[in-house]
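Have a look at the structure below, then the notes.
The values are calculated or read from the model by the stated rules, or taken from the named source; none is laboratory data. None of the values given here were measured: they were computed from a predicted structure. Positions of Cβ are generated from backbone atoms using ideal geometry, with glycine treated the same way; all protein chains shown enter the neighbour counts. Keep in mind that these areas ignore ligands, DNA and RNA; they rest on the heavy atoms of the full protein, side chains included. Shrake-Rupley method; radii C 1.70, N 1.55, O 1.52, S 1.80 Å.
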Amino acid sequence: MTRPDYAEKIPNNVGLAQDRRLQRALESWQPDFLSWWETMGPTLPTRDVYLRTAIDVRGDGWAQFGHVPMIDYRWGIFLADRDPGRRIAFGAHQGEPAWQKVPGEYRAELQRLIVIQGDTEPASVEQQRNLGATAPSLYDLRNLFQVNVEEGRHLWAMVYLLHAYFGRDGREEAAALLHRNSGSADSPRILGAFNEETPDWLSFYMFTYFTDRDGKYQLGTLKESAFDPLSRTAEFMLKEEAHHMMVGTTGVDRVVERTAQVMVASDTDDIAAHGAIPLDIIQKYLNFHYSVSLDLFGGETSTNVANYYTAGLKGRWLEERRSGDHRLADDSIMVDALLDGQPGQVEVPALTGLNTDLRREYMADCAGGVKRWNRILEQAGLPQRLSLPHVAFNRQVGAFAPVEVSPAGERLPAAGWAARKGQWLPTDTDRAFVRSLMQPVYQRGKIAAWVAPPRNGINGQPFDYDYVHLA
Ligand SMILES: [Fe+2]
Ligand SMILES: [Fe+2]
């Protein structure tokens, strides 16, 4: 792979200059992207931001850091290095060479998978666009913008695939990615969680912990794809995604840390009057973001996904590292189901249960964050603990959508749910309280009272570094 040339209009490592038609097509999409960024991207005016720019796909030197005006940030196209010997790891084509072109028989399905992934990238930028106005520190502000520009680059990565491999249909889909908008009544984003607002920074940390983590698992399945350009694109996106999740993990760490400090110092759980976020509100936000993210994995069983797997379009999490059969013809799996109206499980063929398999990998990963946050509470000497709600709690997709279930997994009648819902999910009052804490702190080295400072800065810089120069 070549190193990108940042003097080019569209920095890339895919040899774009050698393909004039493709280059022209992307250059004609670029003004639409820029006007989308201007109208739907971050609203806070800045002079420049200390951003990471990807310059390579390999090793330690893959990114460089520097103050960049946001509008000059270069959204590049990057594919991880090609492994010329790569073979398909699973499904009916297992053992055959990975595809460098789209097979006609799978064209529609592959395009659909790319569009669904692509749609989430600009959606999150739209969801987060107003957060700059209430950033708790310049460090946090910089992280927000870093996440935003990289989601913008992920959109570029998907649009490149659509333009390069899917002809006219692909170009139309690329245009549509900029016309759907998060929360729009007429043309919303494809997936539910991406139409929810991200109105405050606790939501942002929860989103980057739980929803970007969904992205990690979806990209993980695409990285296994027999369609090699998609696999290589997803591989590089995963590298950037790790930072987004770090922002979420340490963001929630810092909220919990501050909450614990104030609880200890004031010797009460009711710390709202002390300007910090009560633990029960943190738990409600966690319940909300976890449950809407579980919905992103789709129904417990899916014949579409079984077909995608058999065709080689998307694999399981860490497919190549899994032992055993990679066709799943005779395996079975227990999936969540309603049994006599109660949350339970039934056995289904492994192929149709692939959504469940992926969701379980994700759930196990999410438990890691809760463990960390509980360690912070424990170290503060507090007896309270956070927890993940039951898989059936607050679900709008799949087997549990028709029923109401408590965080402990107990089925509730509609009236019982209505009466107790406010104990488990953020109420308007909770959200208004959290919003009331969201006063911007833009002085170097200063931080809002509801969150602890980070342990480390970015790229070895101290917390009080001038991460962002406001306009
Ligand atoms: Fe992304
Ligand atoms: Fe992300």
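Some points to look at:
- The solvent-accessible area of ILE333, taken with every protein chain present and a 1.4 Å probe, is close to 30 Å².
- C-alpha center-to-center spacing [the stretch 1-76, the stretch 198-252] in angstrom: 19 Å
- Lys, Arg +1 and Asp, Glu -1 on Cβ, resulting dipole of the chain about Cα centre, debye, nearest 20: 660 debye
- Linear extension gain, ARG82 paired with ASN130, 0.36 nm per residue minus alpha-carbon span: 13.4 nm
- For the stretch 362-439, the relative contact order comes to 16 percent (Cα pairs under 8 Å, sequence separation of at least 6).
- Solvent-accessible area of the stretch 1-94 (1.4 angstrom probe, protein heavy atoms only): carbon and sulfur portion equals 47 percent.
- Accessible area of the stretch 145-249 belonging to carbon and sulfur atoms, whole % at 1.4 Å probe: 44 percent
- For the chain, the membrane-span-like helix rule (DSSP H, alpha carbon extent of at least 18 Å along the helix axis, mean Kyte-Doolittle at least -1.0) picks out 20-40, 107-127, 138-165, 167-179, 228-266, 279-295, 354-379; this says nothing about an actual membrane.
- Estimated purely from DSSP H runs of n ≥ 4, each contributing -39500 (n - 2.57), the mean residue ellipticity at 222 nm for the chain is -15500 deg cm²/dmol once divided by its residues.
- Subtracting the Cα-Cα distance of ALA415 and ARG385 from 0.36 nm times their residue separation leaves 8.0 nm of extension gain.
- Between ASP270 and ARG168, the contour length at 0.36 nm per residue exceeds the alpha carbon distance by 30.9 nm.
- Sorted largest first by accessible area at a 1.4 angstrom probe radius, with every protein chain in place, the residues ARG180, ARG444 fall in the order ARG444, ARG180.
- Cut-off under 5 Å, modelled amide H: who pairs with THR46 long-range: ALA471
- Value of D in µm² per second that Stokes-Einstein yields for the stretch 120-234, Kirkwood Rh from Cα pairs, at 4 °C (1.567 mPa s): 86 µm²/s
- Computed from the Kirkwood radius of its Cα pairs, the Stokes-Einstein diffusion coefficient for the chain at 37 °C and 0.692 mPa s stands at 140 µm²/s.
- Between TRP317, LEU328, LEU338, the Cα set farthest toward the positive side of the dipole of the stretch 310-365 (charges on each charged residue's Cβ, about the Cα centre) is that of TRP317.
- Above-threshold pairs, the threshold being 22 Å between Cα atoms, out of LYS284/LYS371; LYS101/LYS314; LYS371/LYS421; LYS101/LYS223: LYS371/LYS421
- In the chain, taking the dipole from charged Cβ atoms about the Cα centre, the farthest positive-side position among VAL397, GLN443, MET206 is held by GLN443.
- The charge dipole of the stretch 370-468, taken about the Cα centre with unit charges on the Cβ atoms of Lys, Arg (+1) and Asp, Glu (-1), comes to about 140 debye, rounded to the nearest 20.
- Listed residues GLY275, VAL255, LEU286: farthest to the positive end of the dipole of the stretch 235-295 (Cβ charges): GLY275
- Heavy-atom accessible area per residue - the chain, 1.4 Å, Å²: 40 Å²
- Residue-level accessible surface for ASP72, protein heavy atoms, 1.4 Å, Å²: 90 Å²
- Exposure of ASP186 as accessible area (Å², to 10), given a probe of 1.4 Å and all protein chains: 140 Å²
- Under the criterion of Cα pairs below 8 Å and six or more residues apart, the relative contact order for the chain equals 19 percent.
- The modelled label-to-label distance for the pair THR427/ALA242, using points 7 Å beyond Cα in the direction of Cβ, is 4.3 nm.
- Quarter of the Cα convex hull surface for the stretch 237-306, i.e. its orientation-mean projected area (nm²): 6.6 nm²
- Accessible area of the stretch 356-415 belonging to carbon and sulfur atoms, whole % at 1.4 Å probe: 52 percent
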